[in-house]
Amino acid sequence: MILTELKQKQAFSRYYDEAPEAQIARIQQLKADMGPDLLLVAHHYQKDEVVQFADARGDSLKLAQIAAENHTAKQIVFCGVHFMAETADILTRDEQRVYLPDPMAGCSMADMANAYQLTDAWQALTARLGDDIIPVTYVNSTAAIKAFVGQHGGVVVTSGNARQIVTWALRQAKHLLFLPDQHLGRNTALALGVPASAIGLWHAQEARLDSAPGADLRVILWDGYCSVHQQFTVAQIAGLRAKYPAIKVIVHSECQHAVVAEADAAGSTRDLIDYIHQAPAGTRIAVGTDNNLVGRLMRENPDKKVMYLNPMSCACILMNRIDLPHLAWTMDQLAAGRQANQITVAPDTAKWAKKALDRMLELSRA
Ligand code: 13P
Ligand code: SF4
């Protein structure tokens, strides 16, 4: 077993010695050979060298919708991160297979909440607040977290539908536990008029709830965050506004609330793309999100002055793990009939996680 893995690793490392042109030509040919049996999707943060092959690209919501609606592809190559591929596996039919070109492409935010911590948190919170609590998880979470949420009557949200779904969830229960991204949770709750004093913070490592004294808690946030979006600051926005008074600043809703409050708009990757497409020619727009996407927006919108909110911030290193060699290797494995890097969610976890995802898809249609 160890010898087989070692051989596979050695075989893979050769892909970094091969000319990119050869890999591009081979992927194109294999895609043509597989026809509709293969669906290759890419998240907006993927590199151009990967995105060029995508049959569809999208934000997390669109990629989940595609997975739920496509019943023809036998093999789905998912160029994104692990939780997205898990979501696709849950939403596709049993006979459809989902592959992640590099299984190490995780999401550090999704890893900030595990099912043991959530079980502990749930016990502590229900003991303190009673059981009129609805759990709501950001799609950037493991399948096990989604399953817990599905089993407890809750729902999944993405940054593209957070307001709509949280509005629904706030009507279902007195308290709402939002995990794992405290920033998306806080930005959404405040935008919906929940007072800051009614928002508490659950410290997962310490199993401790922080809230204002005597607070009438409506929303409890898990203390997770995205290390890419933590890098954007109010000072960066102020610096650009001082230099370019007419500039528009748009940021992903995973940014801290102070940053979102200073920006002209905030939303999902799709919202950011739409904002730029709809802006009049000549508009200068600074974008606070993964730099792979911002770079592409700069190239695709030459009539606008699109720029980085923080040119020094990193692209998401986890999204970046998927590259041309990993994609070429995955395609070669598929062509050879090998199920390499297939992502599968255990049936019982998938059953409950699907409940929370289906609820989201249903509410997003409304
Ligand atoms: P979107 O759903 O907005 O594409 O965001 C996914 C993500 O991981 C942002 O960091
Ligand atoms: Fe996760 Fe942040 Fe990367 Fe998005 S940008 S996949 S939230 S680590």
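Numbers for the structure displayed
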item	result
Length-normalised contact order of the range 158-297 in % [C-alpha pairs under 8 Å, at least 6 apart]	23 percent
Sequence-separation-based contact order of the range 96-212, relative, with Cα cut under 8 Å and 6+ spacing, percent	25 percent
Rounded to 5, the percent of DSSP beta bridges in the chain classed as antiparallel	10 percent
Ellipsoid semi-axes in whole angstrom, largest first, where each is sqrt(5λ) of the Cα gyration tensor of the chain	34, 28, 18
CYS79, CYS255, CYS226 arranged by Cβ crowding within 10 Å, fewest neighbours leading	CYS226, CYS255, CYS79
Rotationally averaged projected area of the range 221-352 (alpha carbon convex hull; nm²)	11.4 nm²
Tail beyond 24 Å, pair distance distribution of the range 130-243 (Cα, percent)	26 percent
Positive-end extreme of charge dipole, the range 16-115 - chosen from ALA85, ALA113, ILE66 (charges on Cβ)	ILE66
Cleavage-rule hits (trypsin sites (Lys or Arg not before Pro)) in the range 285-343: DSSP loop, at most 14 neighbouring Cβ within 10 angstrom	ARG338
Per-bin percent of Cα-Cα distances, the range 47-121 [10 Å]	17, 47, 27, 8, 1
The chain, helix-only ellipticity at 222 nm - DSSP H runs n ≥ 4, -39,500 (n - 2.57), divided by all residues, nearest 500	-13500 deg cm²/dmol
Cα centre as origin, Lys/Arg/Asp/Glu Cβ charges: the range 120-223 dipole, Debye	280 debye
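Bear in mind these aren't lab numbers, they're just calculated from the coordinates by the rules spelled out. Note that the structure is predicted; figures quoted are calculated from it, not measured. Positions of Cβ are generated from backbone atoms using ideal geometry, with glycine treated the same way; all protein chains shown enter the neighbour counts.
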